[in-house]
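Novice: Please see the structure below; I have some questions.
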Amino acid sequence: MSYEETLHRLSEASVHQHFDAFLDIDWDHPDFAIDPTDERWILPEADVLGCHPWYRSLPREEQIRVGLYRRANICKVGLQFEQVLISGLMSYAFGLPNGQAEFRYCTHEATEECHHTQMFQEFVNRSGQDVRGGSTFFRAVAPLLPLAARIVPVGFFWGVLAGEEPIDHMQKAVLRGGEGMHPLLQRIMQIHVAEEARHIGFAHTYLVEHASRLSRRERALLSVAVPVVMRWLCDEILVPSKRARRDMGIPDEVMKELYWDSPEAQKTLRDLFADVRMLAEETGLMNRVSRRVWRLRGIDGRAARYRSEPSSAAA
Ligand SMILES: [Fe+2]
Ligand SMILES: [Fe+2]
């Protein structure tokens with residue numbers, strides 16, 4: 001299938017399967033009510049924090065409180081990333097000449113992301129948790145990031161993957177172990193996972209297509225910038241900010257172990273990027289120097305053989 005055909009197919013899929021934050025979620029249904037004392041907010045074993053002995057030893061009420069806060073904060077970080085993405089997509093589309101296939105798909109994607117930001121913000125509002133989302137640094141530089149979409153679109157779409165891959169990975173893991181999950185959160189995640197599959201598909205397709213048009217110099221620069229940006233954005237998404245840490249009361253030693261000192265944490269981190277490593281190989285971004293950078297940033301390892309290969313097989 002040609003690049004244009006793939007984009008057309010993705011666009012058609014967006015027309016026929018999409019969600020509206022307020023039509024497709026029955027926010028006022030009694031089953032969807034958020035009760036801050038509900039045991040279903042306790043983090044599952046599939047969650048990095050949820051399986052840590054520190055968390056497991058907390059009193060029940062505290063597990064519930066931390067669990068709800070963590071959910072709300074992840075939603076907030078997620079929606080902040082989506083806001084950056086929407087602005088970036090618009091500034092990218094602004095610069096496109098007539099007749100470009102990317103215009104239509106990028107606009108579909110931005111439409112979907114707008115619904116996601118509404119859906120996540122509604123969850124945050126109803127949770128009653130006053131979360132801030134990303135770190136102070138991330139929130140300070142966020143308005144500048146969309147400029148990259150206009151100036152270095154290939155770099156920008158790598159950044160998009162850095163945000164979408166870890167979130168998608170996490171949400172799928174949580175949905176798989178979905179027993180006893182709050183139905184509102186389950187609905188939100190199902191909607192998100194369904195639409196993200198297309199967004200990730202687009203980013204991959206775009207990067208493969210545009211990698212061949214890079215000059216040698218650009219490719220060399222990008223090959224070392226990618227693992228650095230990947231790791232930075234991954235930390236922004238997955239590691240609770242200083243404020244979130246304080247609000248949840250996570251001790252420093254626990255933070256260290258979780259992000260990413262323990263051997264299990266290091267494996268988790270590497271596993272998150274198996275698909276991305278495959279793409280870096282495919283687009284000629286793996287060379288002697290960049291491999292070292294991937295290793296120094298702790299995200300090296302074998303590339304996945306195909307997209308979404310189970311992590312145990314790719315480790
Ligand atoms: Fe999204
Ligand atoms: Fe997305």
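Novice: For segment 101-133, how many residues are within 16 Å of ligand 2 (Cβ to nearest atom) and of a type in the set (A, V, I, L, M)?
Specialist: So the count comes out to 2.
Novice: In addition: Checking the conditions here, which among GLU209, GLU196 is away from ligand 2 (no atom under 11 Å from the Cβ), over 21 Å from GLU39 (Cβ atoms) and out of contact with any Gly (no Cβ under 8 Å at 6 or more places or on another chain)?
Specialist: Just one listed residue meets the conditions, GLU209.
Novice: Restricted to segment 79-94, and to residues that are open to solvent by 40 Å² or more (accessible area, probe 1.4 Å) and over 18 Å from the mean Cα position of the chain (by Cα), which residue is farthest from ligand 2 (Cβ to nearest atom)?
Specialist: My answer is PHE94.
Novice: Which of (1) modelled with pLDDT under 95; (2) of a type outside the set (Lys, Arg); (3) open to solvent by 10 Å² or more (accessible area, probe 1.4 Å) is the odd one out, the single condition GLN129 does not satisfy?
Specialist: Exception for GLN129: condition (1).
Novice: Please find, within segment 267-295, the residue that is least open to solvent (accessible area, probe 1.4 Å) out of those that are of a type in the set (S, T, N, Q) and closer than 19 Å to GLU309 by Cβ.
Specialist: Ranking the candidates gives THR283 first.
Novice: Tell me, which helices (runs of 4 or more DSSP H) wholly within segment 47-159 include 3 or more residues that are touching a residue at least 40 places away in the same chain (Cβ under 8 Å) and closer than 19 Å to MET181 by Cα?
Specialist: Answer list for segment 47-159: 60-94, 101-127.
Novice: Shifting gears a bit: Which condition number in (1) open to solvent by 40 Å² or more (accessible area, probe 1.4 Å); (2) hydrophobic (A, V, I, L, M, F, W, C); (3) more than 30 Å from LEU258 (Cα to Cα); (4) out of contact with any Ser or Thr (no Cβ under 9 Å at 6 or more places or on another chain) is the one that PHE32 fails?
Specialist: Unmet condition: (1).
Quick grid of which residues meet (1) open to solvent by less than 40 Å² (accessible area, probe 1.4 Å); (2) within 14 Å of SER308 (Cβ to Cβ); (3) among the charged types (D, E, K, R):
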| position | (1), (2), (3) |
| --- | --- |
| LEU145 | no, no, no |
| ALA148 | yes, no, no |
| ILE151 | no, no, no |
| GLY159 | yes, no, no |
| GLN171 | yes, yes, no |
| LEU184 | yes, no, no |
| ARG187 | no, no, yes |
| ARG198 | yes, yes, yes |
| PHE202 | yes, no, no |
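Novice: Kindly indicate whether any position in segment 201-222 is away from ligand 1 (no atom under 16 Å from the Cβ), part of a helix (DSSP H, G or I), under 20 Å from VAL77 (Cβ atoms) and in contact with a helix residue (DSSP H, G or I) (Cβ under 7 Å, 6 or more places away or on another chain).
Specialist: No - not one qualifying residue is present in segment 201-222.
Matching residues to (1) open to solvent by less than 20 Å² (accessible area, probe 1.4 Å); (2) within 21 Å of the chain's Cα centre (by Cα):
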{"site": "VAL228", "(1), (2)": "no, yes"}
{"site": "PRO240", "(1), (2)": "yes, yes"}
{"site": "ASP247", "(1), (2)": "no, no"}
{"site": "LEU258", "(1), (2)": "yes, yes"}
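The values are calculated or read from the model by the stated rules, or taken from the named source; none is laboratory data. From a predicted model like this one, the values you see are computed outputs, not experimental measurements. Cβ sites come from the backbone with ideal geometry, for glycine too, and all protein chains shown count toward neighbours. Accessible surface areas use protein heavy atoms only, side chains included; no ligands, DNA or RNA. Shrake-Rupley method; radii C 1.70, N 1.55, O 1.52, S 1.80 Å.
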